[in-house]
Each structure stands twice: as structure tokens, then as C-alpha cells.
Amino acid sequence: MIVVKTREEIEIMREAALLVSKTLGMLATEIKPGITTLQLDKLAEQYIRDHGGVPGFLGLYGCPATLLTSVNEQIVHGLPTNRPLEDGDIVSCDLGAIVNQYYGDHCYTFEVGDVVPETKKLLQVTKESLYVGIREFKAGNRVEDVGSAIQKYAELNGYSVVRELVGHGIGKKMHEAPEMPNYGKKGRGKLFVEGMTVAIEPMVNMGTKNIKQLKDGWTIVTRDGKPSAHFEHDVALVDGKPELLSTFAYIYKALGIQSNEEDEFRKQPLVI
């Protein structure tokens with residue numbers, strides 16, 4: 001069952017999402033060759049707790065980490081380790097936080113040092129596909145309108161979209177209805193209604209769409225060992241249009257990146 005949120009609930013969810021955003025912005029300054037993902041995990045947990053939140057992933061379904069860190073061919077659910085990140089790596093940092101009983105959950109794939117152009121393009125296209133999908137989250141559309149748009153954009157650029165892992169509704173539970181696949185056929189699936197809140201999160205592979213799970217029971221990797229990228233935003237349906245609850249602006253500020261990509265999904269500019 002889809003849980004529709006009031007405007008007041010959406011504002012609380014925005015607080016949770018922005019705590020995740022700020023935490024990722026803090027991590028952006030730490031992600032460089034030599035740091036371990038276990039160190040990043042500890043930094044993320046401390047930041048969330050210091051700012052009045054509760055880690056959203058830690059203990060959820062038995063998850064042993066606050067921050068899920070998927071490196072290179074790892075798609076999602078990568079567990080932090082003592083392996084130092086190396087120049088040329090990419091690392092997807094997927095993070096959740098709870099504020100006043102509501103979840104925030106989003107992800108950004110970071111470059112570590114100097115990344116080859118082919119991988120940079122994968123990241124660019126995956127992030128662009130996220131916004132292509134968000135544009136379809138509007139009154140009158142259905143779930144697979146989002147997935148169809150993401151799939152078409154990724155495949156036109158020569159990449160593949162993971163099938164087994166999907167976005168989701170979000171609220172007082174990390175995973176609510178509906179599931180939000182990153183593929184599909186236009187016009188199918190649940191109808192979007194005012195007050196819906198979802199996490200849209202394309203996972204796009206450079207090679208095959210096929211995946212496998214590692215023996216740790218968590219980490220999902222590409223079957224051919226080629227890189228994968230993952231970007232995620234929390235979005236609410238407000239006045240029939242998609243409105244971002246999360247932001248990459250804190251990451252961009254930390255990295256010195258200028259971007260207006262989120263402007264169309266905000267009623268007023270975000271002050272950071």
C-alpha cells in the first residue's frame with residue numbers, strides 16, 4: 001500500500017534527506033586515494049549522530065554498516081573494508097538517516113583521484129538518467145514511466161540497467177510501496193498520486209546488466225567485472241510535480257562544482 005504524506009510529513013522527510021546530503025558533502029572532502037571505506041563509514045556515523053539523526057542502514061535487515069560503499073564493479077550494498085581507495089577508483093556512497101522517525105536515503109558515485117574518461121562518462125550519463133527519470137514522476141504518470149525513461153536514456157548511451165535492484169517508496173520505513181524499477185514500459189504500474197515520496201536510483205553498468213552477489217551476503221557486483229554507477233534522490237510529488245527532498249549541492253560545494261541541475265525540481269533556491 002502506498003503511504004501518502006502530508007505537507008508536514010514531507011518537511012520532516014526533507015530534514016532527514018538533507019542530513020544525508022550534508023553527510024555526503026562532508027565525505028566528499030575525505031574521499032581521496034589512501035582512505036579506506038571503513039574510515040568513511042565511521043565518519044558518516046559520527047556526523048549523523050552529532051547532528052541529531054540516527055543511522056538509517058545500521059542494523060536494518062542486519063546491515064553491519066552506516067555507509068554502503070560500492071567500489072568500481074560493485075553496484076550496491078558494498079560493505080566498508082580496510083582496503084584503501086586507489087587513484088582512478090569510483091565509489092558509490094549510499095547512505096540513510098532517520099530524523100523524527102522518517103528516513104532519508106540517497107547516493108552519489110564519487111571519483112577517486114584521476115578517473116579515465118570512459119568511466120567519467122558512465123557517471124555523467126547515470127546522473128543524467130536520474131533527472132530524466134525524476135521528470136516523469138508527476139501527476140498522471142505511472143511507475144514504469146520513470147523506469148522506461150531511465151532505461152531508454154542509459155541504453156541510448158550504450159550502457160545497461162540493472163533489473164534486480166530498484167528504487168522504492170520511502171517514509172517511516174526505508175522501503176515502502178511502490179517499487180521503482182529503472183526499466184519498464186510507459187503507461188504501466190501504479191498511478192502517481194499527490195503526496196507520494198519515493199527514492200529514485202538508477203544503477204547503470206558499463207557492460208552487461210547481469211549481476212552476482214559476493215560471499216559476504218551483501219555486496220552486489222557486475223558479472224563481467226566492468227564498472228557500475230549509482231545515483232539516488234528522494235523526491236516528493238507536490239502540486240502534481242516532482243520536488244527534490246535531497247540535494248547534491250553540499251557535495252558540489254565541497255568539490256568546487258557549479259551546477260544548476262536541480263533548479264527545475266525546487267520551488268525556491270536551496271540555501272547552503
Subtracting the Cα-Cα distance from 0.36 nm times the residue separation, let me have the gained length for Thr29 to Glu179 in nm, one decimal. 50.7 nm
Give the accessible surface of segment 20-119 per residue, rounded to a whole number of Å², with probe radius 1.4 Å and ligands, DNA and RNA excluded. 39
Segment 202-272 - Kirkwood radius from inverse mean 1/r over Cα pairs (Å): 15.0
Go ahead and run the numbers for FRET between Gln124 and Thr6, Cβ-Cβ distance against an R0 of 45 Å, rounding to 0.05. 0.80
Given the Cα-Cα distance of Glu194 and Ile272 and 0.36 nm per residue of separation, how much length would full extension add, in nm? 25.3 nm
Go through segment 26-86 and name the GluC sites (Glu not before Pro) that are in a DSSP coil and have 15 or fewer other Cβ atoms within 10 Å of their Cβ. Glu30, Glu86
Ignoring ligands, DNA and RNA, what percent of the accessible area of segment 137-256 is carbon or sulfur (1.4 Å)? 49
If the chain between Gln101 and Leu165 were fully extended at 0.36 nm per residue, the gain over the current Cα-Cα distance would be 20.5 nm
Please give me the summed charge of the neighbours of Thr81: other residues whose Cβ is under 12 Å from its Cβ, Lys and Arg +1, Asp and Glu -1. -1
Taking the alpha-carbon centre of each part, the distance from segment 46-68 to segment 215-272 in Å is 19
How much net charge surrounds Asn210 when only other residues with a Cβ under 10 Å from its Cβ are counted (Lys, Arg +1; Asp, Glu -1)? +2
I want the local charge near Asp263. Using Cβ-Cβ distances under 14 Å, sum +1 for each Lys or Arg and -1 for each Asp or Glu among the other residues. 0
Helix-derived mean residue ellipticity, 222 nm - over the chain, DSSP H n ≥ 4, -39500 (n - 2.57), to 500: -9000 deg cm²/dmol
Heads up, I need the accessible area for Arg14: 1.4 angstrom probe, whole protein in place, Å², nearest 10. 40
Any idea of the accessible area per residue across segment 166-259, 1.4 Å probe, to the nearest Å²? 42
Ranking by accessible area, most exposed first, for Arg188, Arg266 with a 1.4 Å probe: Arg188, Arg266
Considering the zone a paramagnetic label at Lys138 would reach in this model (a point 7 Å from Cα along the Cα-to-Cβ line), which residues of segment 191-235 have amide N under 18 Å from it? 191-198, 200, 235
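The values are calculated or read from the model by the stated rules, or taken from the named source; none is laboratory data. Quick caveat: nothing in here was measured; it's all calculated off a predicted structure. Note that each Cβ is placed from the backbone with ideal geometry, even for glycine, and that neighbours are counted across all protein chains shown. To get the accessible areas, we keep the full protein, side chains included, count just its heavy atoms, and leave off ligands, DNA and RNA. Shrake-Rupley method; radii C 1.70, N 1.55, O 1.52, S 1.80 Å.
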